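> I'd like to ask you about the structure that follows.
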Amino acid sequence: MRILVAGGGVSGLATAVALGARGHHVLVLEQRPVLTGDGAGVRLAPPAFRLLDRLGIGDAVRERSLVIDEFRVMDGATGEPVSAIALPARHGDGRPTHATAHRLDVYEPLLEACWELESVQLLADSRVVGYTEHGESVVATLADGRSVTGDALILSGTARSVVRRDPRWADRTPRSRLAVYHTVLPMELVADRWQDGAATSWVGAQWQVAHFPLPDSRYLSLSATRHRYGGADLDGTRVDLEQVLAAFPEIGYAARNVLTMGRDWRAWTVPDRAAGAGRVRGRVALVGERAEASGPLEDPGGLRHALEDAVDLGTGWDASAGDALRWLADFDARRTAPAPEVPTGCGGGLR
């Protein structure tokens, strides 16, 4: 089967690896002139590592990651500590269980895995702007007027915006959205008390701020998530500190001081809804669109969700009897939100 994957980010490449490894001919269409990741930070918990292992890149990511051994939860309004959770640093086999990495440390192993698969083709400077279905095929239209045909189209990353104003997807309009703001800053700009290697989360009623060191401990990843965001759509938009602070008017003094350490912010918006039915129309599916974490110890950027979708598409094909429509419909039906994995002693109310 020939599968078109729009978007060459982590979600798109993971999907290409999962399907290409099963012998499908996968064409990845990336809008940027070159395929590359960014330096954004991610937290990796055991479920994410298990998914990376299933994609064949777990050990490559482990070699690039920084092990963390403590997770702290702070009250975002008062600045008071809520809990400090000691994390098991390594499995019995010596492999890390909780770690941090640059997003590039996940992206590059996925890119190498795609290069190694003869069934996967990567095509840069190819932005998908629309599609049409014709019987047993789907045709993706590119920004430069070209078109490509496949048996199915998977929309990932910013390519999901193709359906934003498409009436065929009108019933998916979310009631609200999340806004995720992110930056990476040199550790010398970070207050001494946040340089000890722990991952920290500041929690408010409808928001969360998270920060943690990145591999080699020279940089700190800092992000802030706003629930029920009502502003303009953001697709990696550059924003200044004043815009970030304005999105969190109720934030406490201590958490606000953490945000003021950040510079060079970027922001994204995603639907604030559980992933369930409604992400498939015929031969077209959306993947990796959730940005909230599955649990308090995981990446608020939704890396695990992107990997889950990719792995699920791969394993779902094995049970589809070669029927593309059944394959995607079953994928849609299975995507219910998993229960958060809350560790002992962490308590509830983390959102």
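The values are calculated or read from the model by the stated rules, or taken from the named source; none is laboratory data. Model, not experiment: these values are computed from the prediction. Glycine also receives a Cβ, built like all others from the backbone with ideal geometry; neighbour counts cover every protein chain displayed. The accessibility values were calculated without ligands, DNA or RNA, using every heavy atom of the protein model including side chains. Shrake-Rupley method; radii C 1.70, N 1.55, O 1.52, S 1.80 Å.
> Can you tell me which of 79, 56, 135, 145 is in contact (Cβ under 8 Å) with a residue 12 or more places away in the chain, at positive phi and more than 23 Å from the chain's Cα centre (by Cα)?
On the way: 56 fails: more than 23 Å from the chain's Cα centre (by Cα); 135 fails: in contact (Cβ under 8 Å) with a residue 12 or more places away in the chain; 145 fails: in contact (Cβ under 8 Å) with a residue 12 or more places away in the chain.
Step by step, each of 79, 56, 135, 145 is checked, and only 79 is in contact (Cβ under 8 Å) with a residue 12 or more places away in the chain, at positive phi and more than 23 Å from the chain's Cα centre (by Cα).
> Return the total of residues in segment 260-303 being touching a Phe, Trp or Tyr at 6+ places or on another chain (Cβ under 7 Å), more than 25 Å from residue 131 (Cα to Cα) and at pLDDT 90 or above.
Going through segment 260-303 one residue at a time, the tally reaches 2.
> Go over the candidates 160, 168 one by one and state the one that is open to solvent by 60 Å² or more (accessible area, probe 1.4 Å), out of contact with any Cys (no Cβ under 9 Å at 6 or more places or on another chain), part of a helix (DSSP H, G or I) and at pLDDT below 95.
Step by step, each of 160, 168 is checked, and only 168 is open to solvent by 60 Å² or more (accessible area, probe 1.4 Å), out of contact with any Cys (no Cβ under 9 Å at 6 or more places or on another chain), part of a helix (DSSP H, G or I) and at pLDDT below 95.
> Next question. Among the residues of segment 263-273, is there at least one that is open to solvent by 70 Å² or more (accessible area, probe 1.4 Å) and closer than 20 Å to residue 162 by Cα?
Within segment 263-273, the first condition is being open to solvent by 70 Å² or more (accessible area, probe 1.4 Å), and the residues that meet it are 263-264, 266, 268, 273.
Retained after the next criterion (residues that are closer than 20 Å to residue 162 by Cα): 268, 273.
The answer is yes, given that some residue of segment 263-273 is open to solvent by 70 Å² or more (accessible area, probe 1.4 Å) and closer than 20 Å to residue 162 by Cα.
> Has segment 200-209 got at least one residue that is among the aliphatic types (A, V, I, L, M), surrounded by 14 or more Cβ atoms within 10 Å (Cβ to Cβ), farther than 20 Å from residue 64 by Cα and touching a strand residue (DSSP E or B) at 6+ places or on another chain (Cβ under 9 Å)?
Scanning segment 200-209, I find at least one residue that is among the aliphatic types (A, V, I, L, M), surrounded by 14 or more Cβ atoms within 10 Å (Cβ to Cβ), farther than 20 Å from residue 64 by Cα and touching a strand residue (DSSP E or B) at 6+ places or on another chain (Cβ under 9 Å), so the answer is yes.
> For segment 218-275, which positions are part of a loop (DSSP other than H, G, I, E, B), within 22 Å of the chain's Cα centre (by Cα) and over 22 Å from residue 194 (Cβ atoms)?
Those that are part of a loop (DSSP other than H, G, I, E, B), within 22 Å of the chain's Cα centre (by Cα) and over 22 Å from residue 194 (Cβ atoms): 230, 231, 232, 233, 234, 272, 273, 274, 275.
> Only one residue in 56, 37, 12, 8 is assigned to a loop (DSSP other than H, G, I, E, B), touching a Ser or Thr at 6+ places or on another chain (Cβ under 9 Å) and under 27 Å from residue 313 (Cα atoms), so which one is that?
Numbers: 56 fails: touching a Ser or Thr at 6+ places or on another chain (Cβ under 9 Å); 37 fails: touching a Ser or Thr at 6+ places or on another chain (Cβ under 9 Å); 12 fails: assigned to a loop (DSSP other than H, G, I, E, B).
Being assigned to a loop (DSSP other than H, G, I, E, B), touching a Ser or Thr at 6+ places or on another chain (Cβ under 9 Å) and under 27 Å from residue 313 (Cα atoms) holds for just one of 56, 37, 12, 8, which is 8.
> Please find, within segment 22-34, the residue that is nearest to the chain's Cα centre (by Cα) out of those that are part of a loop (DSSP other than H, G, I, E, B) and not charged (D, E, K, R). Show your work before the answer.
In the first step, residues of segment 22-34 are kept if they are part of a loop (DSSP other than H, G, I, E, B); the result is 22-24, 30-34.
So of that shortlist, the ones also not charged (D, E, K, R) come out as 23-24, 31, 33-34.
Working: 23: 25, 24: 24, 31: 18, 33: 22, 34: 20 Å.
Per the criteria, the residue is 31.
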